[in-house]
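Everything on this sheet refers to the single structure shown next.
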Amino acid sequence: MRLTRDQVEAMSQKIIRGLIRDEVITADRPEAAIDLLAHVFTADLAAEDRLNEEVHELLKNYSEEISRGMVNYQELFRKVKSKLARDRKMVIS
């Protein structure tokens, strides 16, 4: 699922403010913590986008087999993405 910048910001705010409220963390500047968490989320989403694009490029080599129904594109995409993510020690869902 693709998240907007506003969604990432809202999610980061909710997490940081919840952790502060529950006294799990303390923060003199909660906005800085929120910005940092939003940056981490955005970087992670960008890395997954790059991985998706790489998988699409790799699967172009199999377009003929896919168009003839010899290979299920979605299943192959998922398997290739999982393999590349594992090789790069990325955690994806």
Fill in the blank from the handout: The residue that is nearest to ARG5 (Cα to Cα), considering only those in region 16-49 that are surrounded by 12 or more Cβ atoms within 10 Å (Cβ to Cβ) and charged (D, E, K, R), is ASP35
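Touching a Ser or Thr at 6+ places or on another chain (Cβ under 6 Å), of a type in the set (Gly, Ala, Ser) and in a helix (DSSP H, G or I): is that true of ALA46 in this structure? Full working, then the answer.
Working: touching a Ser or Thr at 6+ places or on another chain (Cβ under 6 Å): no; of a type in the set (Gly, Ala, Ser): yes; in a helix (DSSP H, G or I): yes.
The answer is no for ALA46.
Every residue in region 2-34 that is among the charged types (D, E, K, R), modelled with pLDDT of 95 or more and part of a helix (DSSP H, G or I), please. Talk me through it step by step, then tell me what you get.
Kept after step one, since they are among the charged types (D, E, K, R), are these residues of region 2-34: 2, 5-6, 9, 14, 17, 21-23, 28-29, 31.
So of that shortlist, the ones also modelled with pLDDT of 95 or more come out as 6, 9, 14, 17, 21-23, 28-29, 31.
Answer for region 2-34, where residues must be among the charged types (D, E, K, R), modelled with pLDDT of 95 or more and part of a helix (DSSP H, G or I): ASP6, GLU9, LYS14, ARG17, ARG21, GLU31.
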Practice task
List every residue pair whose Cβ atoms sit under 8 Å apart, with the two residues 6 or more apart in sequence or on different chains, where the first one lies in region 40-54 and is polar (S, T, N, Q) and the second, anywhere, is assigned to a helix (DSSP H, G or I).
Solution key: THR42/ARG5; THR42/VAL8; ASN52/LYS81
Handout entry: Enumeration of residues in region 68-93 that are in contact with a helix residue (DSSP H, G or I) (Cβ under 9 Å, 6 or more places away or on another chain), in a helix (DSSP H, G or I) and not basic (Lys, Arg)
Key = TYR73, LEU76, PHE77, VAL80, LEU84, ALA85
Exercise for the section: Mind listing whichever residues of region 35-73 are of a type in the set (Ser, Thr, Tyr) and at pLDDT below 95? Expected result: TYR62, SER63, SER67, TYR73
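The values are calculated or read from the model by the stated rules, or taken from the named source; none is laboratory data. Here the structure is a predicted model, which means the values were calculated and not measured. Don't worry about glycine lacking a Cβ; one is built from the backbone with ideal geometry, like all the others, and counts go over all protein chains shown.
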